[in-house]
Amino acid sequence: MNTWNTCTWKPALAKAGVIPPRAEGAKAWQWAAAPKDGFHVLRHTYASIMLEAGESVVTLARWLGHSSPAITLGYYAHFMPEAGCKGRGTIDGLLGERGDRRARRDSPDSPQRR
């Protein structure tokens, strides 16, 4: 992974003008680019998009190769904007309340509140 990242990915980013080119005389692995410019960021982008689209944490954990959905939640829970809405809607429906209300991001049980 590191070889591909430093010898293929970062040179491509530099050629596209996304990151600065490697300094003159620098070793192949010496880039001024930050870790956020590494290829691994695409994995995080994919995971966050899947969760925002409503994909199951259990399924995403399996796709990412995590040993437990708890690991996935530890990294990505803040990308679940509707967390808690389905359960509240179901209970509201059972109790005769309108179940179509959505929790705002500042709701006490919203993960975005952190």
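The values are calculated or read from the model by the stated rules, or taken from the named source; none is laboratory data. For clarity, every value in this text was computed on a predicted model and none was experimentally measured. Here the Cβ positions follow ideal geometry from the backbone for every residue, glycine too, while neighbour counts run over all protein chains shown.
In region 13-24, the count of residues that are modelled with pLDDT of 85 or more, within 23 Å of the chain's Cα centre (by Cα), assigned to a helix (DSSP H, G or I) and more than 21 Å from residue 78 (Cα to Cα) is one or more.
Given the structure, is residue 44 at pLDDT below 80, closer than 22 Å to residue 2 by Cβ and within 13 Å of the chain's Cα centre (by Cα)? Considered against the rule, which asks whether it is at pLDDT below 80, closer than 22 Å to residue 2 by Cβ and within 13 Å of the chain's Cα centre (by Cα), residue 44 comes out as no. Regarding region 59-72, can at least one residue be identified that is assigned to a loop (DSSP other than H, G, I, E, B), at pLDDT below 90 and surrounded by 14 or more Cβ atoms within 10 Å (Cβ to Cβ)? Among the residues of region 59-72, not one is assigned to a loop (DSSP other than H, G, I, E, B), at pLDDT below 90 and surrounded by 14 or more Cβ atoms within 10 Å (Cβ to Cβ), which makes the answer no. Only one entry in 45, 3 is among the hydroxyl-bearing types (Ser, Thr, Tyr) and farther than 18 Å from residue 64 by Cβ, namely 3.
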